[in-house]
Every structure is written in structure tokens, then in C-alpha cells.
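The values are calculated or read from the model by the stated rules, or taken from the named source; none is laboratory data. These numbers come from a predicted model, not from an experiment. Virtual Cβ from ideal backbone geometry, glycine too; neighbours counted across all protein chains shown.
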Ligand code: FES
């Protein structure tokens, strides 16, 4: 069985209040819409000290900075469907 994709969203107060509260919902909806929940280990984390680059999101140990809903969707599309929107 293929390894699960690891997605970690920062839920520290800085990232959360600057947009990750919305990104969290967008990712949950995306995983549900594409039946990807079983293939993904999706979890939140506390502040990792990268607030100045935040909101941050990790996908398989790559850190993405200054995330918003659209950027998150592009990252997910690219990862799961290798398409750039
Ligand atoms: S709150 Fe996200 S890195 Fe600090």
C-alpha cells in the first residue's frame, strides 16, 4: 500500500487567525470531495516558529508559506492530480 500523503496545517494563533482557519475548512472539503481521506494523514500542529512566513502548511515535509485558500487548492491539485490551475 502506498504511503499516505502527510498534510500538516499550522493551527498556532498567528497562522490560524491570519487565514488557516479558512484553509483548514477548504482542505477538509477538498479531501471529502475527492474521496482522498483514506490516502491522507491530515493533522494540525502548534506554532513551529515560522509565523513570519505564515500562514504555513506542510505537505510531505515541504513547507509552503503565506498560504491562502487558493494557494492550498493549487498545491493539492498539483500533488494529487499533477495539474496546475
Ligand atoms: S503560528 Fe504558525 S508558525 Fe507560528
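If only one of 24, 36, 76 is within 16 Å of the ligand (Cβ to nearest atom) and either in contact with a strand residue (DSSP E or B) (Cβ under 9 Å, 6 or more places away or on another chain) or modelled with pLDDT under 95 (or both), which one is it? First the steps, then the outcome.
Numbers: 36 fails: within 16 Å of the ligand (Cβ to nearest atom); 76 fails: within 16 Å of the ligand (Cβ to nearest atom).
After applying the criteria, what remains is 24.
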Legend entry - Tally of residues being more than 11 Å from residue 72 (Cβ to Cβ), in contact (Cβ under 8 Å) with a residue 40 or more places away in the chain and over 9 Å from the mean Cα position of the chain (by Cα) across segment 40-58: 2
Legend entry - Selection count where residues are within 14 Å of the ligand (Cβ to nearest atom) and either modelled with pLDDT under 95 or not in a loop (DSSP other than H, G, I, E, B) (or both), scope segment 1-21: 12
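Take segment 53-63 and flag every residue that is near the ligand (Cβ under 8 Å from one of its atoms) and either modelled with pLDDT under 95 or assigned to a helix (DSSP H, G or I) (or both).
First, the residues of segment 53-63 that are near the ligand (Cβ under 8 Å from one of its atoms): 53-56.
Listed by number, the list holds a single entry, 53.
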Legend entry - Neighbours by Cβ (under 6 Å, 6+ apart or cross-chain): first from segment 13-30, without any contact (Cβ under 8 Å) to a residue 12 or more places away in the chain and closer than 11 Å to residue 73 by Cα; second more than 12 Å from the ligand (Cβ to nearest atom) and part of a helix (DSSP H, G or I): none
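Yes/no matrix, rows are residues, columns are (1) out of contact with any helix residue (DSSP H, G or I) (no Cβ under 7 Å at 6 or more places or on another chain); (2) in a helix (DSSP H, G or I); (3) over 18 Å from residue 4 (Cβ atoms):
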{"position": "24", "(1), (2), (3)": "yes, yes, yes"}
{"position": "42", "(1), (2), (3)": "no, no, no"}
{"position": "49", "(1), (2), (3)": "yes, no, yes"}
{"position": "71", "(1), (2), (3)": "yes, yes, yes"}
{"position": "76", "(1), (2), (3)": "no, yes, no"}
{"position": "79", "(1), (2), (3)": "yes, yes, no"}
